[in-house]
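Read through the structure below, which is laid out as structure tokens, and then see the notes.
The values are calculated or read from the model by the stated rules, or taken from the named source; none is laboratory data. None of these values were measured; they are calculated from a predicted model. Note: ideal-geometry Cβ built from the backbone for every residue, glycine included; neighbour counts use all protein chains shown. Calculation scope for accessible area: heavy atoms of the full protein, side chains included, ligands and nucleic acids excluded. Shrake-Rupley method; radii C 1.70, N 1.55, O 1.52, S 1.80 Å.
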Amino acid sequence: MYRYTEFDRLFVHQRAAQFRDQLERNIAGKLSDDEFRPLRLQNGWYIQRHAPMTRIAVPYGALAARQLRRLARIAREFDRGYAHFTTRQNCQFNWIPLVRGADVMDLLADVDMHGIQTSGNCIRNITSDGLAGVASDEIVDPRPYCEVMRQWSTLHPEFAFLPRKFKIAVSGAREDRAAIAWHDIGLQIVKNERGEIGFTVLVGGGMGRTPVVATQIRDFLPWQEILLYIEAIVRVYNRYGRRDNAFKARIKILVKAEGQKFIDAVEEEFRHILADDVDGTAHRIPEAELERVKASFVLPEGVSEAGAAPAFPQGASGAFARWLQRNVHAHRLPGYRAVTLSLKRAGQAPGDITADQMEAAAALAERYSHAELRVTHEQNLLLPWVLESDLEAVWREAKAGGFATPNIGLITDMIACPGGDVCALANARSIPIAAEITERFADLDEAEDIGDIDLHISGCINSCGHHHSGHIGILGVDKDGSEWYQLTLGGADGSTLSGPAVPGRVIGPSFAADEVADAVEAVIETYKAQRRSGERFIDTLRRIGVEPFKAPANAVRRSTAIAA
């Protein structure tokens, strides 16, 4: 993990002190709510449906055990005993009184954490692959590059007030586990024929009311120039992005509208930075700077590139064998595995974790993963450095902590936003829908028979649950003050399983809340009836198309039978 320098620590503590001053002036009436709003947003503080929500940055998903213990303390002392992990590898609290916000920021700064730029119209938390640095299919470890970008973009004065929020995702592996095509900028690290490292650059992806898959605008950009190229992209967006309509302000709208003109403008701005900007070339990343950052991402003490003696459990059976199959992943070093701690189980909202579970996960990381964890895009936690010889012990302790459900990649390992239970923007609740689907498919044998499938739920069109990219997507919509839900089929996030990124297709009129789980079950039963031997859901769907799924789904309608 990146090790904070004295400068880094002073920076986050000063930011926390600045926020305390702003908050105190707001409470005293010396700083109006309108004046305070952009300041609190760029520190991650929202005003939500029932209480403030704060979002904590977990850069590229890397989390230390001591930091997770601090989040557990905040959950206990300031919130209602739990937290929520998001698709963007952040941590959110939904019930902290704003008047106690400065105390929380101080506690976070003490463990090298903050909420800087987790909200507001700026460059947000940079995300990556949850397996970064340990993936068996990794081309280049993306974490040092993510860290350089994080330091460069934090409080960048030119990009503090963009037309709209701006999100960057980076992948360094052959498998895209970061959904880069669904981001404002998606970066794939590659090597050219000479073995040189660079980036394939995608721009203009995003979900929301207008789902757009990013456009590739550079096949290979030398790594030294990535900051300059991002600067060119964001400058063009800052200059030409719409500010008159929040629904058309994202860069995806600009890229879609201008096409090649946008790409040409970026290339011209890039040339201008190199040729005409004062010290423009100074933002090429020096080799020495990259090496300085890379020094934080060396192997943990006691781990060598030679790995360890292979000791994967042989002949395992029952629940342990199922867990090994679903929650344990290949590692680039022999004798090691990565282990997912599932945050998806009955009675708990997807991505939610209690303070006790955070403490248990931190203890697991300290004992078995060199005190390091990851937050994944799928809203789970991951232990990146587990010896194969420790797998059974990890399983037993994870089971005791409540996150050994062997469902990774299955229908109950769903992505879901918190929805209308807490979010002021939501049109409908996500958590009850997720709970009913989890209960409906609680039988692990049945879930395993259904096989690999992505089910995503969003409580509103902002798409925080990434419903567009789900093989089955569920979107909460409002009709005359009532909760309704659209179903989409065939979305993809860009992974090997799903294929190239594409938004799902709506299969008909919205369903009432009490019909959604039945409709999902009807879709699954249609798949089981139509699949070929060994064929996964998404493959069957693409072979036969969406039409055969519509009639069975619509046949379950009760409340909406007349409207349909």
How about region 138-152: which of its residues are assigned to a helix (DSSP H, G or I), surrounded by fewer than 24 Cβ atoms within 10 Å (Cβ to Cβ) and in contact with a strand residue (DSSP E or B) (Cβ under 6 Å, 6 or more places away or on another chain)? none
Out of curiosity, is residue 483 acidic (Asp, Glu) and over 27 Å from the mean Cα position of the chain (by Cα)? no
Quickly run through region 276-288 and pick out the residues that are more than 30 Å from the chain's Cα centre (by Cα) and either at pLDDT 95 or above or open to solvent by less than 30 Å² (accessible area, probe 1.4 Å) (or both). 280, 288
In the set 319, 311, which member is of a type outside the set (Phe, Trp, Tyr) and part of a helix (DSSP H, G or I)? 319
Condition broken by residue 24, with the remaining ones in (1) touching a residue at least 40 places away in the same chain (Cβ under 8 Å); (2) open to solvent by 70 Å² or more (accessible area, probe 1.4 Å); (3) closer than 26 Å to residue 126 by Cβ; (4) part of a helix (DSSP H, G or I) satisfied: (3)
From the list 303, 298, 293, which residue is touching a strand residue (DSSP E or B) at 6+ places or on another chain (Cβ under 9 Å), at pLDDT 95 or above and aliphatic (A, V, I, L, M)? 303
Where a residue in region 446-468 is within 13 Å of residue 536 (Cβ to Cβ) and part of a loop (DSSP other than H, G, I, E, B) and its partner, wherever it lies, is hydrophobic (A, V, I, L, M, F, W, C) and open to solvent by 30 Å² or more (accessible area, probe 1.4 Å), with Cβ under 8 Å and at least six apart: 452/497; 454/497
For region 190-210, how many residues are surrounded by fewer than 21 Cβ atoms within 10 Å (Cβ to Cβ) and touching a residue at least 40 places away in the same chain (Cβ under 8 Å)? 6
Consider only pairs whose beta carbons are under 8 Å apart and that are at least six residues apart or on different chains; among these, list those whose first residue lies in region 228-243 and is open to solvent by 10 Å² or more (accessible area, probe 1.4 Å) and among the basic types (Lys, Arg) and whose second residue is part of a helix (DSSP H, G or I) and at pLDDT below 95. 235/158
Filter result for the condition that a residue is among the acidic types (Asp, Glu), under 20 Å from residue 458 (Cβ atoms) and more than 28 Å from the chain's Cα centre (by Cα), over 493, 514, 478: 514
Determine, yes or no, whether residue 34 is open to solvent by 30 Å² or more (accessible area, probe 1.4 Å) and not aliphatic (A, V, I, L, M). yes
Out of all the residues in region 528-562, which are surrounded by 15 or more Cβ atoms within 10 Å (Cβ to Cβ), among the β-branched types (Val, Ile, Thr), touching a helix residue (DSSP H, G or I) at 6+ places or on another chain (Cβ under 6 Å) and in a helix (DSSP H, G or I)? 540
Out of curiosity, is residue 109 in contact (Cβ under 8 Å) with a residue 24 or more places away in the chain, open to solvent by less than 20 Å² (accessible area, probe 1.4 Å) and within 19 Å of the chain's Cα centre (by Cα)? no
